[in-house]
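A.B. asks: The structure is given below, and queries will be raised subsequently.
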Amino acid sequence: MSSPETAPLHDPAAEEERQLVRTWRSPTGFPGWFLPVNQREIGKRFIVTAFGFFIAAGILALLMRVQLAHPRLEFLSPDLYNQFFTMHGVTMMFLFAIPVMEGMAIYLAPLMIGTRDMALPRLNAFGYYVFLLGGLLLYAGFAVGLAPDVGWFAYPPLAGAEYSPTLRADFYATLIAFIEVAALVAAVELVVTIFKQRAPGMSLNRMPLFVWAILVTAFMIVFAMPAVMVASMMLALDRTVGTHFFAASGAGGPVLWQHLFWFFGHPEVYIIFIPALGMVSSIVGTFARRPLFGYTALVLSLIATGFLGFGLWVHHMFTVGLPQLAMSFFTGASLLIAIPSGVQIFCWIATLWMGKPVIRTPLLFVLGFFFIFTLGGLTGVMVASVPFDQQAHDTFFLVAHFHYVLIGGSVFPLMGGLYFWWPKFTGRMMSEKMGVASFALLFIGFNVTFFPMHELGLIGMPRRVYTYVEGMGWDNLNFIATVGAAVLTLGFAVTLINAIWSWFRGREAGPNPWNGDSLEWATASPPPVYNFRHPPVVRGRWPMWENPQPEDRVTGLRPDRREVLITTVLDARPQGIAVLPGPSIWPFLLALAVCVAFGGFMIHPAFFLVGFFAAFAIVVAWHWPGEEERLPPWKERTRE
Amino acid sequence: MNGEPVDVRRLSVYHFGNQGPLYWGILGVLAIESVVFGSLIASYLYMRMGEVQWPPPGTAEPKLLLPTIYTAILLASSIPVYWGDSGIERNDARALRWGMLIGIAMALGFLALKAIEYSDIDYFWNSHAYGSIVWAISGFHALHVLSLVLKTIVIDILAWRGYFNAERRLGVTINGIYWHFVVVVWIPLYFLIYWSPRML
Amino acid sequence: MRRAAAPAALAAVVAVLLLTGCAGDQSALDPKGPQAARIARMSWLIFGFGAAILAAVTVLFLNAIRRGPGEEPRLSERGAWRFVIVAGVAVPAVILFAFLAYSARTGNIIATPPPDDALTIQAVSRQWWWEFNYKGRSPSENARTANEIYIPAGRPVRFELVALDVIHSFWIPNLHGKMDMIPGRRNTMWLQADHPGVWRGQCAEFCGLQHALMAFVVVAAPEEEFQEWLARQASEAVEPADAATRRGREVFLGSSCVLCHSVRGTLALATVGPDLTHVGSRRTLAAGTTPNTRGHLGGWIADPHGIKPGNHMPATQLPAQDLTALIAYLESLR
């Protein structure tokens, strides 16, 4: 506790800050790496690790493009190519897109709602270790030639024991289930934090749109991910102990896998995409220099997208031979989802139209998003049509379509978000010149890479082919796409250089360099370990633009332990205090135990029980009450 | 009301009840678990629809007596657990200790009878698709009951050591919610496994 | 104005690229049958609409950020609501509903059962080749071929789709969309070629190592020519006419070939690999991978994994003379 001798009597604020730092800082040094639980630390780790996997999967994509640049090249063997495209898909979906969005959410959402940490900090750290261990294990398999080679969709019977007898498909089946644990944990965390820890006055209808987007995403994760966990565990059981869930002769059969997989797989697309919509809202409002137009319409569109996202999965199965009428229903649902997307895009355009836009790199990426995502959305409407899809399905047209949607709809806003929040992350501005150059290269490179693929698909080139024969008329378009991929790579490289350069040389940013509207801009850049000395009090939807008074703040949180304010779900009225735990080794150990359960399962089912009991023991140790907690509970928190 | 600090010095630390973050966290976990069980139920029904005869020829319809008995035991186990939970709200540590102990005994009874049932069954998970899904559902639920038992043993040890009281009972509350969930989720599974082959 | 030139030039280049590539013997945009034609017609319509919508959105957002110095915003709150409701809800709703109706109607038309006079072909897929069975009026008229089908031009053909190992997908873009072949399921589809022609079909569902090289040839022939072809395919293999081919048959029957392949009329009756009874009449080897020429045939027998790495055919080492004789024999199986 604080000793009055060392505290300068004339400056209680400085003393309080020193105390807050002592309370909230994370341990340093080697063993300290495995201990931190602070939300921004975990968020940063998620983001950096996810971008690491992004680079790995990007290199795989580049190598695949080289292989396809010319017919019958022998640059990659079919065996390697199949591993590459599977790892590319698995990495981008499970190890990049979801984690990076979670990372952004974990870093930003608590700042935006004005709290000091997330609700269940140790669980947060656990989620990160699960993600990290799962990803590393998958790449360890890759390094020894055991990367999955059955596609990220892993359709049985190809992914079954008979046609994929090696451990490769086991790496897929068990690690997917394992990695999903991380997403589920983060989803629960985020929901609880957003519901219970918003700054006083931030009722639901004043929440920033980014936070709304994260809330919708978290709910989607909760309802979508379990389906793929069940499916991949069934697949793992089919492979290891000879069950018959997906056997062709059995009652379930290969089509059951497809239903379960796509029941998750389609919402997955929106899980990646909706946080990006939140980023677009933050950027558009800030750079249009006026409040977003149509706040309510935007929120309702996000929620509608979240719901409709669950009604579309069969449109991945239009060539399976299902009844026409059923398929038409899914066509209808797939078309319907275009409307909330349209409403959002036009609300943003209206905001820009009504405002006084300043064009900076983040906004450029949003403009790129408008174009690319609209094109991807339009081809999405096309493939929602059963007859059109029967031609386009599983061809390069689909490859083009979903890269327009995922890169255009998700990566472009993410790049915009990166430029936008970089000063908050690091305290320094990225170079605007390099930002514009990077945007130009990415926009051109992206379109040159992926636009020709639409035509390639329509003139007959199937997906997931490691090569093609001469004389198909596909040579030129493939070559153009490969050249585009090089430009695209250059574009990402410029941003990477920009990031490194600005880290050391960037202009000091100050707390709110863009004049943003939400609370993450209310604290220093980068924020102190405790986020806010006095968490803010909110009086409107755009707190930073509503002449915040210095008195609008929460006082009375103790600086000598990790206290956060709990508020009511709807109106965010102060309700109580939660005391959060500090650094802990248990999350890491628990992740290891769960890793043994899932990873060992591919070798022998007994490992599952070993991991289960180890995990149980760790959970008990984790929650075993410490000395302090054995004292009589506090009625009154103040020391007076 | 502009420019007024919100002073939270007098607010108390929440450790229980539906205000605390952990309560919402456990709801999230239950939602996830529900979707997992829902996916298993949907898979069962999907498989059932793909077959003319269910269970497949050569496999008898599941017997009803033993499962019905242990289902009743499991359902009844919620009563002592509830008694224990509400006991500690009144600072009645004795109710908590004994309620948990009785609950654990009943859950173990459930598992024991289930083990007897399955030791006597003539098909395995690798016999056919029906066997796969029935073993998967039963096994997955039994794993939940097992973790319930283990968790509650820990809670009960703490209870015997006098850790819990009316203010400090978050662990008990969360454990109780999870207990009732595992009990309730068995009801649809029971009807699915034991009654649906006779009716659908 | 100069700034508009670059996009215009780009658009021109794109347009040229787009239009030159459409024709082809594996192209959905070069339809040769009624179903493919309907789908292609719908495709062009939606491409047109799509391009117009994309252009409109692009103009709108570029316009929204364009400002003269000191210029005030030009959209009022009311105007904005009107804009979002019209452009974001009303117009899309109308277009999407019309499209839904059009798409469902197209789907129903192309899926209606074929007329009674349709020819039935059973297509069997395996890793990584195709077998086609024609059912004749009597068992002696049954024909079996591999990686190449003949169909009568102007007559509907019904396909029964069977997969023996993993999921494959049957796709002849010039004639129809694809249909999956799923183990344990029986899918059917029908299509029709309006005029004689030669096209290519390819597996469209990832099916393992050599998914990329799993194609087949489709020949639509006039009815008479088709019947001739069918009768020939149903017949047993021709007897060797000279010493070289006779020697070739001996090599064939004495080698490991017979463990997998059959040549009807001989003792080779295995069904693991393609039926070779009329292999000499086929246009390609290795499921549409190389032309069926003497050189490629020899290369394929001696080193199948050089052409199609990892496929299930083992390399066969034969003395040079035997190989020559074997090639001569196989070529004679017309």
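The values are calculated or read from the model by the stated rules, or taken from the named source; none is laboratory data. Keep in mind it's a predicted model, so treat the numbers as computed, not measured. In this analysis, Cβ positions are derived from the backbone assuming ideal geometry, glycine residues included, and neighbour counts consider all displayed protein chains. Each accessible area value is taken on the protein alone, full model and side chains, heavy atoms only, with ligands, DNA and RNA left out. Shrake-Rupley method; radii C 1.70, N 1.55, O 1.52, S 1.80 Å.
A.B. asks: So if I check each of B:Ser132, B:Ser77, which one is at pLDDT 90 or above, within 19 Å of the chain's Cα centre (by Cα) and open to solvent by less than 10 Å² (accessible area, probe 1.4 Å)?
C.D. replies: Unique residue meeting the criteria: B:Ser77.
A.B. asks: Select from region B:28-53 the residues that are among the β-branched types (Val, Ile, Thr) and within 7 Å of chain A (Cβ to nearest Cβ) and write down the one among them that is farthest from A:Val191 (Cα to Cα).
C.D. replies: First pass over region B:28-53, keeping only residues among the β-branched types (Val, Ile, Thr): B:29, B:32, B:35-36, B:41, B:52.
Then drop every residue that is not within 7 Å of chain A (Cβ to nearest Cβ), which leaves B:29, B:32, B:35-36.
Working: B:Val29: 11, B:Ile32: 13, B:Val35: 17, B:Val36: 19 Å.
The residue in question is B:Val36.
A.B. asks: Checking B:Lys63 against (1) touching a residue at least 40 places away in the same chain (Cβ under 8 Å); (2) within 14 Å of chain A (Cβ to nearest Cβ); (3) open to solvent by 30 Å² or more (accessible area, probe 1.4 Å): exactly one of these is not met. Which one?
C.D. replies: (2)
A.B. asks: Which one of the conditions (1) more than 10 Å from chain A (Cβ to nearest Cβ); (2) under 30 Å from A:Val150 (Cβ atoms) does C:Ala153 fail to meet, given that it meets all the rest?
C.D. replies: (2)
A.B. asks: Then there's this: Evaluate the following for A:Asn547: is it open to solvent by 40 Å² or more (accessible area, probe 1.4 Å), at positive phi and polar (S, T, N, Q)?
C.D. replies: yes
A.B. asks: Sticking with this one: For region C:108-128, enumerate the residues that are among the charged types (D, E, K, R) and touching a Leu at 6+ places or on another chain (Cβ under 7 Å).
C.D. replies: Correct list: C:Arg126 only.
A.B. asks: Taking region A:549-561 as the search range and keeping residues that are part of a loop (DSSP other than H, G, I, E, B) and at the interface with another protein chain (Cβ under 9 Å from one of its Cβ atoms), which one is nearest to A:Arg290 (Cα to Cα)? Write out each step before concluding.
C.D. replies: Going residue by residue through region A:549-561, those that are part of a loop (DSSP other than H, G, I, E, B) are A:549-552, A:556-561.
Keeping just the survivors that are at the interface with another protein chain (Cβ under 9 Å from one of its Cβ atoms) gives A:549-552, A:556-558.
Numbers: A:Gln549: 20, A:Pro550: 23, A:Glu551: 25, A:Asp552: 22, A:Gly556: 34, A:Leu557: 34, A:Arg558: 37 Å.
Here the answer is A:Gln549.
A.B. asks: While we're here: Only one of these is touching a residue at least 24 places away in the same chain (Cβ under 8 Å) and within 16 Å of A:Val90 (Cα to Cα): A:Ala140, A:Ala159, A:Ala109, A:Ala186. Name it. Steps first, answer last, please.
C.D. replies: On the way: A:Ala140 fails: touching a residue at least 24 places away in the same chain (Cβ under 8 Å); A:Ala109 fails: within 16 Å of A:Val90 (Cα to Cα); A:Ala186 fails: within 16 Å of A:Val90 (Cα to Cα).
The match here is A:Ala159.
A.B. asks: Let me ask another. Considering A:Leu73, A:Leu35, A:Leu68, A:Leu63, which residue is under 23 Å from A:Gly151 (Cα atoms), touching a residue at least 60 places away in the same chain (Cβ under 8 Å) and open to solvent by 30 Å² or more (accessible area, probe 1.4 Å)?
C.D. replies: So the residue among A:Leu73, A:Leu35, A:Leu68, A:Leu63 that is under 23 Å from A:Gly151 (Cα atoms), touching a residue at least 60 places away in the same chain (Cβ under 8 Å) and open to solvent by 30 Å² or more (accessible area, probe 1.4 Å) is A:Leu73.
A.B. asks: Another question about this same structure. Within the group C:Arg137, C:Arg105, which residue is more than 9 Å from every other protein chain (Cβ to nearest Cβ) and at pLDDT 90 or above? Don't jump to the end; show me each part of the working.
C.D. replies: Working: C:Arg137 fails: at pLDDT 90 or above.
So the residue among C:Arg137, C:Arg105 that is more than 9 Å from every other protein chain (Cβ to nearest Cβ) and at pLDDT 90 or above is C:Arg105.
A.B. asks: May I ask you to list pairs of residues, at least six apart or on different chains, whose Cβ atoms are under 9 Å apart, with the first in region A:461-487 being at the interface with chain C (Cβ under 7 Å from one of its Cβ atoms) and farther than 15 Å from A:Phe450 by Cβ and the second being open to solvent by 50 Å² or more (accessible area, probe 1.4 Å) and among the basic types (Lys, Arg)?
C.D. replies: Pairs that qualify, where the first residue is at the interface with chain C (Cβ under 7 Å from one of its Cβ atoms) and farther than 15 Å from A:Phe450 by Cβ and the partner is open to solvent by 50 Å² or more (accessible area, probe 1.4 Å) and among the basic types (Lys, Arg), are A:Thr467/A:Arg72; A:Tyr468/A:Arg72; A:Val469/A:Arg72.
A.B. asks: Out of the residues in region C:40-75 that are modelled with pLDDT under 90 and exposed (fewer than 15 other Cβ atoms within 10 Å of the Cβ), state the one that is nearest to the chain's Cα centre (by Cα). Write out each step before concluding.
C.D. replies: Of the residues in region C:40-75, the ones modelled with pLDDT under 90 are C:66-75.
Now drop any that are not exposed (fewer than 15 other Cβ atoms within 10 Å of the Cβ), which leaves C:66, C:68-72, C:74.
On the way: C:Arg66: 48, C:Gly68: 55, C:Pro69: 58, C:Gly70: 60, C:Glu71: 58, C:Glu72: 58, C:Arg74: 54 Å.
Looking at residues that are modelled with pLDDT under 90 and exposed (fewer than 15 other Cβ atoms within 10 Å of the Cβ), I get C:Arg66.
A.B. asks: Is it the case, given these coordinates, that C:Phe206 is crowded, with 22+ Cβ neighbours inside 10 Å and in a strand (DSSP E or B)?
C.D. replies: No.
A.B. asks: Please state which one of C:Asp194, C:Asp180 is over 15 Å from the mean Cα position of the chain (by Cα), modelled with pLDDT of 95 or more and charged (D, E, K, R).
C.D. replies: Details: C:Asp180 fails: over 15 Å from the mean Cα position of the chain (by Cα).
Every option except C:Asp194 fails the conditions.
A.B. asks: Output the helices (runs of 4 or more DSSP H) that fall wholly within region C:226-334 and possess 2 or more residues being buried (at least 19 other Cβ atoms within 10 Å of the Cβ), or say none.
C.D. replies: Ranges flagged: C:243-254, C:294-302, C:320-332.
Yes or no, residue by residue, for (1) open to solvent by 10 Å² or more (accessible area, probe 1.4 Å); (2) out of contact with any helix residue (DSSP H, G or I) (no Cβ under 7 Å at 6 or more places or on another chain):
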position	(1), (2)
A:Pro267	no, no
A:Pro275	no, no
A:Met279	no, no
A:Val284	no, no
A:Ala288	no, no
A:Pro291	yes, no
A:Ala297	yes, no
A:Leu300	yes, yes
A:Ala304	yes, no
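A.B. asks: Let me ask another. Quick check, is B:Val154 open to solvent by less than 30 Å² (accessible area, probe 1.4 Å) and closer than 26 Å to B:Tyr44 by Cβ?
C.D. replies: Working: open to solvent by less than 30 Å² (accessible area, probe 1.4 Å): yes; closer than 26 Å to B:Tyr44 by Cβ: no.
Against the criterion (open to solvent by less than 30 Å² (accessible area, probe 1.4 Å) and closer than 26 Å to B:Tyr44 by Cβ), B:Val154 does not qualify.
A.B. asks: Kindly evaluate B:Ser78 against the criterion of being in a helix (DSSP H, G or I), in contact with a His (Cβ under 9 Å, 6 or more places away or on another chain) and more than 9 Å from chain A (Cβ to nearest Cβ).
C.D. replies: Spelling it out, B:Ser78 is indeed in a helix (DSSP H, G or I), in contact with a His (Cβ under 9 Å, 6 or more places away or on another chain) and more than 9 Å from chain A (Cβ to nearest Cβ).
A.B. asks: Within region A:577-594, which residues are more than 16 Å from A:Val620 (Cα to Cα) and within 13 Å of chain B (Cβ to nearest Cβ)?
C.D. replies: Hits for region A:577-594 are A:Ile577, A:Ala578, A:Val579, A:Leu580.
A.B. asks: Being outside any loop (DSSP other than H, G, I, E, B), among the β-branched types (Val, Ile, Thr) and either more than 25 Å from A:Phe307 (Cβ to Cβ) or open to solvent by less than 10 Å² (accessible area, probe 1.4 Å) (or both) is the filter here; which residues of region A:346-375 pass it?
C.D. replies: A:Ile349, A:Thr351, A:Thr361, A:Val366, A:Ile372
A.B. asks: Now for a separate question. Can you find even one residue in region A:148-156 that is under 23 Å from B:Gly131 (Cα atoms), within 14 Å of chain B (Cβ to nearest Cβ), surrounded by 24 or more Cβ atoms within 10 Å (Cβ to Cβ) and at pLDDT below 95? Give the derivation first.
C.D. replies: Within region A:148-156, the subset under 23 Å from B:Gly131 (Cα atoms) is A:155-156.
Now narrow it down to the ones that are within 14 Å of chain B (Cβ to nearest Cβ): A:156.
Those left that are additionally surrounded by 24 or more Cβ atoms within 10 Å (Cβ to Cβ): A:156.
Still in the list and also at pLDDT below 95: A:156.
Looking for residues that are under 23 Å from B:Gly131 (Cα atoms), within 14 Å of chain B (Cβ to nearest Cβ), surrounded by 24 or more Cβ atoms within 10 Å (Cβ to Cβ) and at pLDDT below 95, one finds at least one in region A:148-156, hence yes.
A.B. asks: Within region B:16-27, restricting attention to residues that are at the interface with another protein chain (Cβ under 7 Å from one of its Cβ atoms) and open to solvent by 40 Å² or more (accessible area, probe 1.4 Å), which residue is modelled with the lowest pLDDT?
C.D. replies: Among them, the one singled out is B:Gln19.
A.B. asks: Let me ask another. Condition first: of a type in the set (Val, Ile, Thr) and over 21 Å from C:Phe132 (Cβ atoms). Can you find one or more residues in region C:274-281 that meet it?
C.D. replies: Residues of region C:274-281 that are of a type in the set (Val, Ile, Thr), as a first pass: C:277, C:279.
Narrowing the set further to residues that are over 21 Å from C:Phe132 (Cβ atoms) leaves none.
Taking every residue of region C:274-281 in turn, none turns out to be of a type in the set (Val, Ile, Thr) and over 21 Å from C:Phe132 (Cβ atoms).
A.B. asks: Ok, one more. In region A:102-124, how many residues are open to solvent by 10 Å² or more (accessible area, probe 1.4 Å), assigned to a helix (DSSP H, G or I) and out of contact with any Phe, Trp or Tyr (no Cβ under 7 Å at 6 or more places or on another chain)?
C.D. replies: 1
A.B. asks: Also, I was wondering about something else. Taking C:Ala204 as the residue in question, decide whether it is at the interface with another protein chain (Cβ under 7 Å from one of its Cβ atoms) and either of a type in the set (Gly, Ala, Ser) or in contact (Cβ under 8 Å) with a residue 60 or more places away in the chain (or both).
C.D. replies: Values: at the interface with another protein chain (Cβ under 7 Å from one of its Cβ atoms): yes; either of a type in the set (Gly, Ala, Ser) or in contact (Cβ under 8 Å) with a residue 60 or more places away in the chain (or both): yes.
Criteria met by C:Ala204.
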